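FYI, it's all coordinate maths here, none of it is from the lab. Just so it is clear, the structure is predicted and the values come from calculations on it, not from any experiment. Every residue, glycine among them, receives a Cβ derived from its backbone with ideal geometry; neighbour counts consider all protein chains shown.
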Amino acid sequence: MATAKLLLLMVLVAASSCDGSAWRGPLSRLRMLPTAQYVVEAAAERLKEDVSSAPLIHALHPLLGSAGDFSRRAGVPCDSWRLAVETYNKRDWTTVPASCEGYVGHYMLGGHYRRDSRVVVDEAVAYAETLNLGGNGKEVWVFDIDETSLSNLPYYANHGFGAQPYNATNFDEYVVNATAPALPEVLELYEKLLSLGTKVMFITGRHDTEKEATIKNLRSAGYHTWEKLVLKPSSLGSSVVPYKSGERQKLVDAGYRIVGNMGDQWSDLLGAPEGDRTFKVPDPMYYVG
Ligand SMILES: *[C@@H]1O[C@H](CO)[C@@H](O)[C@H](O)[C@H]1NC(C)=O
Ligand SMILES: *[C@@H]1O[C@H](CO)[C@@H](O)[C@H](O)[C@H]1NC(C)=O
Ligand SMILES: [Mg+2]
């Protein structure tokens, strides 16, 4: 009996050690990351899909027999790197480690990114439902835009998922194009908040020169109303925390109560007044300090 179990285990370990088993489904061609057009199309498609039926294309959980060390085969332990990024232990980084490009790509395009976003939004919805809203029209929820309300995954899929250095010219072209899809989970939270009577505001690091494109894009992605949309004056320096916390302070001074604050960067959330509760959606593709 014991021998049979051992044999079975050995077979499973052998199977799971084979690289191919971790790459399944129609997106297996993503091995050829990063630039082909189908990756961009796949990125847009992935944001429309019901993740519960999405194929597994990267086994981010430890493979049997790997002792959780599977991703170290890439040289950098990419899952540890991602955890350090999300927990703000890692700061001021400029690009995704080259050896983690595939890992981040599969995290973003596989079901994992959407599942992680789902958990955050479920928490936010549960929290919002417990709020005893005063009904004075002054309760607001603050959303960041990039990688929170809107997803730039179609752009990043074509630019190494953050492994290529940021190119402001190219990215601005994409922003002005106003074709970014919504992150579906966040759009769902947005609708829920409106139905509960909470007002919604956007505070973004996008410059005021991009206001028209941003309004057009928010509308086409499904965000049809908001109390305020605050863009960063082009004259302001690059530091996000003083800008965003300063804008939140203005809201509080104007009598608003910030019941929730959601962003993909810690710099969206840090700095008083933070809001009654903050929510961080995942973003392993870039860092904004
Ligand atoms: C950004 O991309 C543009 C167009 O591809 C290119 O001309 C420019 O040199 C790039 N800038 C940097 C800093 O790499
Ligand atoms: C702009 O959007 C069109 C589709 O509307 C797309 O074909 C094109 O690649 C986009 N350009 C950029 C720079 O994102
Ligand atoms: Mg953002």
**Message:** Full-extension gain between Ser238 and Ile215, please, as 0.36 nm times their residue separation minus the C-alpha to C-alpha distance.
**Reply:** 6.1 nm
**Asked** Taking amide hydrogens as modeled 1.01 Å from N in the peptide plane, which residues meet the under 5 Å criterion relative to Leu150, leaving out close sequence neighbours?
**Response** Leu183
**Asked** When Lys and Arg each count +1 and Asp and Glu each count -1, what net charge do the other residues less than 9 Å away from Val175, Cβ to Cβ, add up to?
**Response** -3
**Asked** For Asn170 and Thr225, what is the calculated FRET efficiency with R₀ set at 41 Å and r taken between the beta-carbons, to the nearest 0.05?
**Response** 0.85
**Request:** Could you pull out every one of the lysines with an alpha carbon less than 18 Å from that of Lys216, ignoring same-chain neighbours closer than 8 positions?
**Result:** Lys228, Lys232
**Message:** Among the listed pairs Lys138/Lys192; Lys48/Lys199; Lys192/Lys280, which have their C-alpha atoms separated by more than 20 angstrom in this model?
**Reply:** Lys48/Lys199
**Request:** Could you sort 166-177, 125-136, 217-228, 147-158 so that the peptide with the highest average Cβ count within 10 Å comes first and the rest follow in order?
**Result:** 147-158, 217-228, 166-177, 125-136
**Fill in**
Under 5 Å from the placed amide H of Lys228, counting only residues 5+ away or on other chains, we find Phe202
**Message:** Apply the a/c threshold of 1.5 to the C-alpha gyration tensor of segment 117-165 and tell me whether it is rounded, prolate or oblate.
**Reply:** prolate
**Message:** Under the rule of at least 5 residues apart or a separate chain, name every residue whose amide H is placed under 5 Å from the amide H of Phe279.
**Reply:** Asn261, Met262, Gly263
